[in-house]
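Structure, as structure tokens:
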Amino acid sequence: MQASDIILGLLIILLVGWTLMLAVQQTALSNSLSALEAKQVAQGIQISPDKCRQMADYTLVAGPELSGKEYLTTAGFDQDQNQVFFCFYE
């Protein structure tokens, strides 16, 4: 076995390892970006139960109680704070 074969083998191993590390980093970066997007979307939603009116046959749901169910959703606008808020009913 020649030294050039050993060097070529080591270079191939390093190249494959480097490629795998890049793939893992890209997946982690993608997951981080998805989490950041979800956080930004969640920050953009204003839930204001104290400003929501009562609706017949529906119960108002507060923010921490929301789950994956379907809700009747209405939107309102607070002119004092210039904000849109959402009301969720079940």
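The values are calculated or read from the model by the stated rules, or taken from the named source; none is laboratory data. Please read these numbers as outputs of a predicted model, since none were measured by experiment. Quick reminder, even Gly has a Cβ in these numbers, built from the backbone with ideal geometry, and neighbours come from all protein chains shown.
Odds and ends about this structure:
- Annotation note: Cβ proximity below 7 Å between a residue of region 68-90 that is of a type in the set (D, E, K, R) and a residue that is part of a strand (DSSP E or B) (sequence gap 6+ or interchain) occurs for ASP78/PHE85; GLU90/VAL61.
- Residue tally, condition more than 17 Å from ALA56 (Cα to Cα) and in a strand (DSSP E or B), over region 67-90: 7
- Each residue in region 1-35 was checked for being over 16 Å from the mean Cα position of the chain (by Cα) and at pLDDT below 80, and 6 pass.
- Of the criteria (1) modelled with pLDDT under 85; (2) hydrophobic (A, V, I, L, M, F, W, C); (3) assigned to a loop (DSSP other than H, G, I, E, B), which one ALA38 fails: (3)
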